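Encoded as structure tokens, the structure appears first; notes follow it.
The values are calculated or read from the model by the stated rules, or taken from the named source; none is laboratory data. These numbers come from a predicted model, not from an experiment. Because the Cβ atoms are built from the backbone with ideal geometry, glycine has one as well, and the counts that use them run over all protein chains shown.
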Amino acid sequence: MFWTLIRHRWKSFFRSPALTQQLFQSIFMGLFFLYLALNFLFLGLFASKILRKAYPDGNIYEIMGGILIYYFLFDLIIRSLIQKFPILEVKNYLPFNISKSTLTHFLISTSLTSFFNLLPLLGIVPFIASNWGEMLSLGILIPFSLVILGWILANNFLGFLLDRLFRKESKIPYIIISALALLLYLDYNNYVQLSGYFRDAFHYVLIHPWMSLVPFLVAIISYLLGFQLIKNNLYIEDLIPVKVTEAKSIQLGFLERYGLAGKLMLLEVKLIMRNKRARMMVFIALVMLAYPMIFLQGEIMEMNWIKLFIGTFVTGMFALNYGQLMLSWNSTHFDLLATRKITMIDIFRAKYYIMAFSCVVLLLPALLYGIIYPEFLWIFPIMFLYNIGITIFIYMFLAAYNSKRIDLSKSAVMNYEGITIAHFLIMVPIIILPIFIRYPFAKMGHPVLGESLIALLGLLGFIFHKTLIVRSTNLFRRNRYKIMAAFRKKN
Amino acid sequence: MIRFENISKKYGQTEVLNIPELEISKNEIIGLVGNNGAGKTTAFSILLDLIKPTSGRVISKNDDVSQSEEWKSYTASFLDDSFLIGFLTPDEYFEFIGTLANMNRKETLEFVNKYEVFFNGEIIGKKKYLRDLSKGNQKKVGLVAALIGHPEVLVLDEPFSNLDPTSQIRLKKIIQEASNDKTILISSHDLNHVLDICTRVILLEKGLIIKDIPNDSAAVEEIQTYFAG
């Protein structure tokens, strides 16, 4: 029976609509993972060279171990957040005559096929392979390999336990990740010496080979604990907890005064505030406000064009992210919008104002950077104009071609539903265009002229925004049947 | 009021709907019946300009529905859950629909309060998002929302499915009470409900209208014979 279940899982993977129908998305995700995999592969191959150069008199294996401890700590938390366990698939088997133990073993063991288990191996195997002679002569080949393998398994099953633990307290993993990142930063700048302790711990393991079995022990215990936990709670309502959130009212009285457009904007605000994935966009935009800090001290600020780039991101991060999915955000209730006394122009108008408004909201705090770098008082308003006059309209015209349904109720982390390769590609011209416009003027020694031209173009876009909204709506209306049909298609 | 002209819808080689001519007059209550795959929902979707017919057009009050958006001002519909906004509470949803009919919050709530019995006390004033309601309650919200603003044309797809027997009976009463000055189109595969409230029954089979008869006792027998197979 166990193997029948495994065969079903195999089929469900190859027959999933995500793999065939959303081919582009799958290819993109595939490329993304391939890129990650190649990075790890090269990192593994060249790690020993890099480490030897950086620490000419240190034991590179112990140093590697110290780094790996950090890696595995991050890995564990991230797994608990995004590694998906095939819980839903088990649901379909519950009514049948299959023992709960079999189902539980299946559920937990299929988690081993995760990409998270492959990734570290891709780095470690070439690392060991390129140094195996030396490692063998030092007598650490076997304990080193074992401890890594054991740790991958331990993280896999521990992540499974943590996922269930964090489900109740969803903020904890983010706090842990932030704390770890801070520690890593302090460690890197020698404020604390945690990696030194990690190295000592690893040294201890290497000289006491039996210690390398500890991770396996952790893995086995986690497996057994997970097994007990799942087996005793193998009910649909436990596997897929029904969360009923109490509705919080959102009052934005001033919007009500703007009639239908105001109503639609209020609807949009509710959409953003009450759906995790959309809320994430707000969060990212706020985090991006801190983005210029990375550059503030570096020589990188000497390069003036980079400020345009910063300006686009800082004032337009919300519009850039939210606009990508434009009408897809409304895909689950689009038929209502299409058949009621709302014209498409009303909807596009509300979208435009919401995004333009977000740019205003982001511009104001961003101007505080002017205290340190007065040029930002000039650059940020320019890029703000560029965003409200150009960026948003690029997205509004693209909405006529963007026909991906997204299910708002799904979680936000690593959720690429509705995102295609085109979404990432389109960011490139948006970011490069202003730099491109400014370039010839900068070459001639008049960058200010180039910057003014960007501002002028943005301003023109804003002045004619009503016409542009009508134009983009007309384009959408011509493609509407295709897009509405795609919005109705559930995965 | 509404006229289907040479409507046909094909997916590839398969024709799922073919209505050369169909005229629906004001104040008629049309019951569209047929087994699964007969083309009921397709017909409604074309009428509401949600899908594009392969050929032909639907005229509502002299306007082609795919060209003008005028019909939206007097037509209300509820086909499925893509007509619901999951992240709103029922009250907010009603209010939103009310605004589209130029009704303020108070007027809208007064209107929906008339259906408190139908809602069985589980909907109005509850702090729950629509996405968290049961299928049956979601359906009730969508149906009542379609009545807001007294639309001249009302289009309901399978309004009785997912409702408990008591609610089905109440719904029939609600539709009958609302039918004054309205043109109503209802699809269903439950023959009895349709015969209870409709003035005219249209039977679809594999995309074709095979019967189009006034709802009288002769019709009842004719159609019952059909469904008996």
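Could you list all residues from the range A:61-120 that are assigned to a helix (DSSP H, G or I) and among the hydroxyl-bearing types (Ser, Thr, Tyr)?
A:Tyr61, A:Tyr70, A:Tyr71, A:Ser80, A:Ser101, A:Thr102, A:Thr104, A:Ser109, A:Thr110, A:Ser111, A:Thr113
Is there a residue being of a type in the set (Lys, Arg), more than 14 Å from chain B (Cβ to nearest Cβ) and touching a residue at least 60 places away in the same chain (Cβ under 8 Å) anywhere in the range A:279-299?
Checked the range A:279-299: no residue is of a type in the set (Lys, Arg), more than 14 Å from chain B (Cβ to nearest Cβ) and touching a residue at least 60 places away in the same chain (Cβ under 8 Å).
Restricting to the range A:474-490, what's the tally of residues that are of a type in the set (A, V, I, L, M, F, W, C), at the interface with chain B (Cβ under 10 Å from one of its Cβ atoms) and surrounded by fewer than 17 Cβ atoms within 10 Å (Cβ to Cβ)?
1
Give me the residue from the range B:111-125 that is over 23 Å from B:Thr75 (Cβ atoms) and surrounded by fewer than 19 Cβ atoms within 10 Å (Cβ to Cβ) and, out of that set, farthest from the other protein chains (Cβ to nearest Cβ).
Among those that are over 23 Å from B:Thr75 (Cβ atoms) and surrounded by fewer than 19 Cβ atoms within 10 Å (Cβ to Cβ), it is B:Val117.
Can you tell which of A:Gly311, A:Gly316 is under 20 Å from the mean Cα position of the chain (by Cα), more than 12 Å from chain B (Cβ to nearest Cβ) and assigned to a helix (DSSP H, G or I)?
A:Gly316
So, of the residues in the range B:27-57 that are surrounded by fewer than 18 Cβ atoms within 10 Å (Cβ to Cβ) and in contact (Cβ under 8 Å) with a residue 60 or more places away in the chain, which turns out to be nearest to B:Phe4 (Cα to Cα)?
The residue in question is B:Asn27.
When you go through B:Lys128, B:Lys106 one by one, which is the residue that is within 9 Å of chain A (Cβ to nearest Cβ) and surrounded by fewer than 19 Cβ atoms within 10 Å (Cβ to Cβ)?
Unique residue meeting the criteria: B:Lys128.
Among helices (runs of 4 or more DSSP H) lying entirely in the range A:193-289, which contain 3 or more residues that are of a type in the set (Gly, Ala, Ser)?
In the range A:193-289, A:194-207, A:214-232, A:259-274 are the helices (runs of 4 or more DSSP H) which contain 3 or more residues that are of a type in the set (Gly, Ala, Ser).
Check whether at least one residue in the range A:41-54 is part of a loop (DSSP other than H, G, I, E, B) and at pLDDT below 80, and report yes or no.
No, because not a single residue in the range A:41-54 is part of a loop (DSSP other than H, G, I, E, B) and at pLDDT below 80.
Would you point out the residue of the range A:441-473, among those that are exposed (fewer than 13 other Cβ atoms within 10 Å of the Cβ) and part of a helix (DSSP H, G or I), that is farthest from the other protein chains (Cβ to nearest Cβ)?
Among them, the one singled out is A:Lys443.
Do we have any residue at all in the range B:6-21 that's within 9 Å of chain A (Cβ to nearest Cβ), surrounded by 15 or more Cβ atoms within 10 Å (Cβ to Cβ) and not aromatic (Phe, Trp, Tyr)?
Within the range B:6-21 (the criterion being within 9 Å of chain A (Cβ to nearest Cβ), surrounded by 15 or more Cβ atoms within 10 Å (Cβ to Cβ) and not aromatic (Phe, Trp, Tyr)), the answer is no, since none of the residues qualifies.
Please find, within the range A:331-351, the residue that is farthest from the other protein chains (Cβ to nearest Cβ) out of those that are among the small types (Gly, Ala, Ser) and more than 13 Å from A:Phe476 (Cβ to Cβ).
Out of the qualifying residues, it is A:Ala350.
What's the number of the only condition in (1) part of a helix (DSSP H, G or I); (2) surrounded by 15 or more Cβ atoms within 10 Å (Cβ to Cβ); (3) away from chain A (no Cβ under 13 Å) that B:Glu92 fails to meet?
Among (1) part of a helix (DSSP H, G or I); (2) surrounded by 15 or more Cβ atoms within 10 Å (Cβ to Cβ); (3) away from chain A (no Cβ under 13 Å), B:Glu92 violates only (3).
Which of the residues that make up the range B:194-223 are part of a helix (DSSP H, G or I) and touching a helix residue (DSSP H, G or I) at 6+ places or on another chain (Cβ under 7 Å)?
B:Leu195, B:Asp196, B:Ile197, B:Val220, B:Ile223
Just checking, which of A:Ser403, A:Ser411 is modelled with pLDDT under 90, in a loop (DSSP other than H, G, I, E, B) and farther than 28 Å from A:Ile78 by Cβ?
After ruling out the rest, the residue left standing is A:Ser403.
Please report, ordered by residue number, the helices (runs of 4 or more DSSP H) entirely within the range B:96-179 with at least 3 residues that are among the aliphatic types (A, V, I, L, M).
The qualifying helices (runs of 4 or more DSSP H) are B:135-147, B:165-178.
Which of the numbered conditions does A:Ala129 fail, given that it passes all the others? Conditions: (1) buried (at least 16 other Cβ atoms within 10 Å of the Cβ); (2) closer than 23 Å to A:Leu206 by Cα.
(1)
Filter the range B:50-71 down to residues that are more than 21 Å from B:Ser25 (Cβ to Cβ) and either at the interface with chain A (Cβ under 9 Å from one of its Cβ atoms) or of a type in the set (S, T, N, Q) (or both), then give me how many there are.
8
In the set B:Lys211, B:Lys135, which member is basic (Lys, Arg) and surrounded by 14 or more Cβ atoms within 10 Å (Cβ to Cβ)?
Just a single option satisfies the conditions, and that option is B:Lys211.
Please find, within the range A:254-269, the residue that is surrounded by the most Cβ atoms within 10 Å (Cβ to Cβ) out of those that are within 14 Å of B:Glu95 (Cα to Cα) and free of Cβ contacts under 8 Å to residues at least 24 places away in the same chain.
A:Leu266
Among the residues that make up the range A:341-357, is at least one of them of a type in the set (S, T, N, Q) and either in contact with a helix residue (DSSP H, G or I) (Cβ under 7 Å, 6 or more places away or on another chain) or crowded, with 22+ Cβ neighbours inside 10 Å (or both)?
There is no residue in the range A:341-357 that is of a type in the set (S, T, N, Q) and either in contact with a helix residue (DSSP H, G or I) (Cβ under 7 Å, 6 or more places away or on another chain) or crowded, with 22+ Cβ neighbours inside 10 Å (or both).
Pick from the range A:363-380 the residues that are free of Cβ contacts under 8 Å to residues at least 60 places away in the same chain and in contact with a helix residue (DSSP H, G or I) (Cβ under 8 Å, 6 or more places away or on another chain): which of them is surrounded by the most Cβ atoms within 10 Å (Cβ to Cβ)?
A:Leu363
Cβ-Cβ below 9 Å, separation at least six or inter-chain, first residue in the range A:31-58 and in the same structural domain as A:Phe127 (by TED's automatic domain parsing), second loosely packed, with under 14 Cβ neighbours inside 10 Å and of a type in the set (Asp, Glu): which pairs?
Every condition considered, the pairs that remain are A:Ser48/A:Glu134.
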